[in-house]
Amino acid sequence: MYLNAQTTISHSHVKLIPYLPQHVKTYHSWMQNEQLRQLTASDLLSYEEELSNCHSWRTDNTKLTFLSANVASRDKRAELLGDINLFLSTEEPDDDDVGGETVVGEINMMIASSSTRGQGHGTRVLAMFVWWVGAQREAVVKEYLGETDGNQKLEVLVAKIDGGNVTSIGLFGKLGFTKVREEVNYFGEVEMRVRLDKAVKIARSLLGGTEPVVEIYDE
Ligand SMILES: CC(C)(COP(=O)(O)OP(=O)(O)OC[C@H]1O[C@@H](n2cnc3c(N)ncnc32)[C@H](O)[C@@H]1OP(=O)(O)O)[C@@H](O)C(=O)NCCC(=O)NCCS
């Protein structure tokens, strides 16, 4: 998506920034880790393929990404932490639903290095992202579907997580996601869902009531 091509979101020492060609080297080195690829359901790509993938995050209107970074250091040089992604699809309403199609956003994320996990970065990144998606829900749907009659709304967030990934299941649980069913699917994943409104409310509270700052990315 082009929506966040120049957007940066900051809260405390964490930033979400656009994924740009200058980041591909780091991203590509992260994805050499087989376990990380398995946990994020990612394929092993060559550097050239990753560069093209980086470009496609802009041109493909069904997906959106930010990189996350830690700017805690005194010299303010950001240390890249990982990424967070949204994949859009539409679902027909349930029989008892009124209104049009529901737009569903599937979130996938990582804090790439095990040395930077378990310090609360994942929680903050997910809360910031959910907050921003909530604020931009109409713009997201507009870029995804083009001009609409206004009946298609982004109302549900989904995460599909490896059934053994207790950390990620715990993290998404903190944002209000609940398992659709206990059993894993064919791919060994559990599906967790939350209404966007509910997740935004929880995100605000996890962020301590202080709104993230949204600015133009100019680095
Ligand atoms: C899942 C992931 C993003 C979590 O990031 P993180 O920075 O380590 O997360 P946090 O430190 O904010 O911890 C968030 C929650 O995860 C859970 N958690 C963290 N470490 C855990 C552990 N060792 N065991 C069980 N749960 C754990 C807890 O619920 C924790 O919340 P709490 O601290 O309030 O108890 C990170 O581990 C990761 O990138 N893993 C590899 C890729 C992956 O699994 N991606 C998810 C695919 S959707």
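Every number in this text was worked out from the coordinates using simple rules, so none of it is lab data. Everything numeric in this text was worked out from a predicted model, so none of it was measured. Note that each Cβ is placed from the backbone with ideal geometry, even for glycine, and that neighbours are counted across all protein chains shown.
Cβ crowding within 10 Å, taken as a proxy for footprinting-reagent exposure, orders Trp132, Trp30 from fewest neighbours to most as Trp30, Trp132. The distance separating the Cα centre of region 16-65 from that of region 162-209 comes to 23 Å. Between Ser52 and Arg195, the distance separating the two model label sites (each 7 Å from Cα on the Cα→Cβ line) works out to 4.3 nm. Straight-line reach from Lys174: taking Cα to Cα under 27 Å and skipping same-chain neighbours fewer than 8 places apart, the lysines in range are Lys15, Lys63, Lys153, Lys160, Lys198, Lys201. Assign one of three labels to region 7-216, namely rounded, prolate or oblate, based on the Cα gyration tensor with a ≥ b ≥ c the square roots of its eigenvalues; rounded applies when a/c is under 1.5, prolate when it is not and a/b is larger than b/c, and oblate otherwise. Verdict is rounded for region 7-216.
With springs connecting C-alpha atoms under 10 Å apart, model the chain as a Gaussian network and identify which of Tyr27, Tyr144, Tyr186 has the largest mean-square fluctuation. The residue that fluctuates most here is Tyr186.
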